[in-house]
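Here's the structure, in structure tokens; my notes come after.
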Amino acid sequence: MPAAPCRVAPCATLHEKTSQWFARASAALLNQVPCHAGCCDCCVGVFPVTILDHAAIQAGLQTLPDGVRNTILANAAAQTATMTTAYPALAATPILDEWPDQLLDQLAAQFADLPCPALDAHGRCAIYAFRPLTCRSMGIPPEEHGMVTGACVRQIAVPIIRLSEVLRREEDQLAEDEARHLNVLQQAHPDRGEELPLPFAFLPHDTPERK
């Protein structure tokens, strides 16, 4: 059965809040963040998404015309088949929670050129309103120990302006909210993991379980 306590509404609110935070943060940086429609550098490569994103993606697929949805599902099926051939453990479960960091890095490096299944020929996201949390916050330069670095290869110059403490606190709060939602799901369904590779989140199945 799908995870019930946080399947649509609370997670949808979290995704919306993340998008709103990005918009305010980008404006605070005087729109020097290079994200724009058709820019898809960060939409290429395999990365983990959470089961919250899995639920959002599945909801988004249901809003698409049949032809578009079927194309995305075909892309995802082909990608997951290729990945499973390289990493047979994915056939048992796509959950990555117990994978060592070295193996995760290896997976990411091996499929670094794999585009998101929802990326169209014009570099646009077909499920933009339902995209994962990572996609919604990517582009704002991260700051750690007072040092700011670029968030993507397009950021050849890091904005001189720093985000306010208020915006950084909001960023931390969003991360805490995500962890809280995941914890609710874990308590309700202990056998279900938290993260899976992006292409697997497009497959039409219930929330994957650990093996």
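Computed from the coordinates by the stated procedures, all read-outs in this text should not be read as laboratory data. Every value quoted in this text rests on a predicted model; they were computed, and no experiment measured them. Cβ: placed from backbone, ideal geometry, glycine included. Neighbour counts: every protein chain shown.
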Exercise. Name the residues whose placed amide hydrogens come within less than 5 Å of the amide hydrogen of residue 192, ignoring near sequence neighbours (fewer than 5 apart) on the same chain.
Key: 210
Quiz item: Whole-Hz Karplus ³J(HN,Hα) for region 48-58, in order, using 6.51 cos²θ - 1.76 cosθ + 1.60 and θ = phi - 60°, x for Gly and Pro?
Solution: x, 10, 9, 5, 5, 5, 4, 5, 5, 4, 4
Self-check item: Residue among 150, 67, 45 with the largest mean-square fluctuation in a Gaussian network model of the chain, springs linking Cα atoms under 10 Å
Solution: 67
Quiz item: Highest GNM mean-square fluctuation, the chain, Cα pairs closer than 10 Å: which of 36, 181, 145?
Solution: 145
Quiz item: What percent do you get for the relative contact order of the chain when only Cα pairs under 8 Å and 6+ apart count?
Solution: 44 percent
Quiz item: When a footprinting reagent is the concern and you count Cβ atoms within 10 Å, what order do 13, 134 take, fewest first?
Solution: 13, 134
Exercise. Working from the alpha-carbon coordinates of region 17-75, get Rg over Rh, Rh being the Kirkwood radius.
Key: 1.04
Quiz prompt | Charge context of residue 37, other residues only, Cβ under 14 angstrom, K/R +1, D/E -1 | solution = +1
Exercise. Before rounding to the nearest 500, sum -39500 (n - 2.57) across all DSSP H runs of length at least 4 in the chain and divide by the residue total; then give [θ] at 222 nm in deg cm²/dmol.
Key: -14500 deg cm²/dmol
Quiz item: For Kirkwood radius over Cα pairs in Å, the listed values are (1) 18.9; (2) 18.1; (3) 17.2; which was obtained by calculation from the structure presented?
Solution: (2)
